[in-house]
Amino acid sequence: MRIVAPLIVFASLILSGCSAPATPADSSDTSESVSVRMTPSGIGFEPAKLTLAKGTKVCFINEDPEARWPASNIHPTHEIFPEFDPKTVVRAGETWCFTFTKPGIWHYHDHLFPEFTGTINIE
Ligand SMILES: [Cu+2]
């Protein structure tokens, strides 16, 4: 029975490693974070207008059962601020975040539903 004790210690080390809490992916990001909900309402983006400090991360949360696609104006090229574009859809239930490091008044829209618009003013 001498060999059993080290095995138990080894097994408990493995188990305790597995039960360690998961670290959030963006835990090292210390910047301010703001959420914009993408809803199926007639507004589309809630809030649709924001004034934020430079360096603020904006997370677009898709609460719409449809895919959504927040992107810089101008539709359809998004050339005013091309980096402000996930370059693909944000599926239902997913979130896309973008950190605004350029001051300016950034108008945007939903590439799939261009009637939905918003403005982010970075000071
Ligand atoms: Cu567009």
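Annotations for the structure displayed:
- Listed here are the strands (runs of 3 or more DSSP E) enclosed by segment 49-123 that have at least 2 residues being within 17 Å of E32 (Cβ to Cβ) and under 13 Å from the mean Cα position of the chain (by Cα): 57-62, 95-99.
- Set V36, V90: member being surrounded by 17 or more Cβ atoms within 10 Å (Cβ to Cβ), β-branched (V, I, T), closer than 12 Å to T119 by Cβ and touching a residue at least 40 places away in the same chain (Cβ under 8 Å): V36
- Remark: pairs (first residue in segment 44-67, without any contact (Cβ under 8 Å) to a residue 12 or more places away in the chain; second residue assigned to a loop (DSSP other than H, G, I, E, B); Cβ separation under 7 Å; 6+ apart in sequence or on different chains) = E46/T39.
- Of all residues in segment 69-85, those that are touching a residue at least 24 places away in the same chain (Cβ under 8 Å) have Cβ atoms under 7 Å from Cβ atoms of residues that are of a type in the set (D, E, K, R) and near the ligand (Cβ under 10 Å from one of its atoms), 6 or more apart or on another chain, in W69/D110; P70/D110; A71/D85; S72/D85; H78/D85.
- Looking only at residues in segment 93-123 that are of a type in the set (A, V, I, L, M) and surrounded by fewer than 18 Cβ atoms within 10 Å (Cβ to Cβ), the one that is farthest from the ligand (Cβ to nearest atom) is I105.
- One residue alone among S41, S35, S31 is within 17 Å of the chain's Cα centre (by Cα) and not in a strand (DSSP E or B), and that residue is S31.
- Among residues of segment 54-82, those that are away from the ligand (no atom under 13 Å from the Cβ), among the polar types (S, T, N, Q) and surrounded by fewer than 21 Cβ atoms within 10 Å (Cβ to Cβ), counted: 1
No value in this document is a laboratory result; all are computed from the given coordinates. Predicted, not measured: the structure shown is a model, and the values here were computed from it. For neighbour counting, all protein chains shown are included, and Cβ atoms are generated from backbone atoms with ideal geometry for every residue, glycine included.
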